[in-house]
Amino acid sequence: MIFMLAGTSDAKELAEKIKQDGHSLLASVVTEEAAVKLESSGISARVGRLTAEQMAAVLQENMANVVVDASHPFAEEASRHAIQAAKEAGIPYIRYERSSINTYDEKVQKVDSYEEAAMKAREKGGTIFLTTGSKTLPVFANKLVNDERVRMICRMLPRAENMEKCKNLGIAQQDIVAMQGPFSKELNQALYKQFGVDTVVTKESGKQGSFDEKVTAALELGLEVILIKRPDVAYEKVTDHSQEVLHYLQDLLIKTCGDTSIKD
């Protein structure tokens, strides 16, 4: 059985290919919405974040043969937990990560962390448009909400808990864009114009994260872009090609079981 960290659109596509190859698969996701999408494709899914110890227990309980980590490029904690859990369970680990986009390296200001991005945004002042999601919103709110030189616009998923988080952080309703992506370049530009944006803060999430559309839209309008680089995680085996993951799984089972499918 394959244990897979999923949740993104490209992870779902990979999970479907793994299932089509005849492998038994359990996907681990954070939200009910992600689980429903996977289960609609006939893929078993569990919901909720796991510590390394909890993940190791799930691996043993389900007699997992391998861990496929297809979590979001910025879900570094989940990846580190998966690496540790695989080691504790004594099974292989492979990381599938969408490729980076380096086209804009000379046109944007790159930073190493959310904290650094918040500090740079405060230095710039004006209207700051956040496309970094709700998880790290407190980092930016603590630096920007009470600064009279800054207006912080937050774009995030339209979930009740996100609205509650904004309320608790003192973010006004008129500064919230609650929308489900993906967003086209044209829609991004319309939003930037609507709010009179000066600087866009985003992270290098890759093509599947509509990174191109966000950054191109900003640069064409002459806006500044603060880009948060991907976290530095010591992956044991990593690829950005889904076919390579499928070949790895087939080769692994041939070596360990003399079979061509990973089953219960």
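The values are calculated or read from the model by the stated rules, or taken from the named source; none is laboratory data. Here the structure is a predicted model, which means the values were calculated and not measured. Don't worry about glycine lacking a Cβ; one is built from the backbone with ideal geometry, like all the others, and counts go over all protein chains shown.
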Just to be sure before I move on: is Glu204 modelled with pLDDT of 95 or more, of a type in the set (Asp, Glu), under 22 Å from Phe74 (Cα atoms) and outside the structural domain of Thr31 (by TED's automatic domain parsing) in the structure I sent?
no
Of (1) crowded, with 17+ Cβ neighbours inside 10 Å; (2) within 24 Å of the chain's Cα centre (by Cα), Glu161 satisfies all except one. Which?
(1)
Can you list residue pairs whose Cβ atoms sit under 7 Å apart, with the first residue in the stretch 15-36 being closer than 23 Å to His241 by Cβ and in the same structural domain as Arg95 (by TED's automatic domain parsing) and the second being basic (Lys, Arg) and not in a strand (DSSP E or B)? Count only pairs 6 or more apart in sequence or on different chains.
Ser24/Lys263; Leu25/Lys19
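Could you please give the count of residues in the stretch 173-193 that are part of a loop (DSSP other than H, G, I, E, B) and modelled with pLDDT of 95 or more? If you could, list the steps in order and put the result at the bottom.
In the first step, residues of the stretch 173-193 are kept if they are part of a loop (DSSP other than H, G, I, E, B); the result is 179-184.
Adding the requirement that they be modelled with pLDDT of 95 or more leaves none.
Here the count works out to 0.
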Of the numbered conditions (1) among the hydrophobic types (A, V, I, L, M, F, W, C); (2) closer than 25 Å to Asp251 by Cβ; (3) in a helix (DSSP H, G or I), Ile91 fails exactly one; give the number of that condition.
(3)
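From the set of residues in the stretch 123-158 that are among the aliphatic types (A, V, I, L, M) and closer than 15 Å to Val197 by Cα, which is nearest to the chain's Cα centre (by Cα)?
Within the stretch 123-158, the subset among the aliphatic types (A, V, I, L, M) is 128, 130, 137, 139, 141, 144-145, 150, 152-153, 156-157.
Those left that are additionally closer than 15 Å to Val197 by Cα: 128, 130, 144, 150, 152-153.
Values: Ile128: 21, Leu130: 15, Leu144: 24, Val150: 27, Met152: 22, Ile153: 20 Å.
Ranking the candidates gives Leu130 first.
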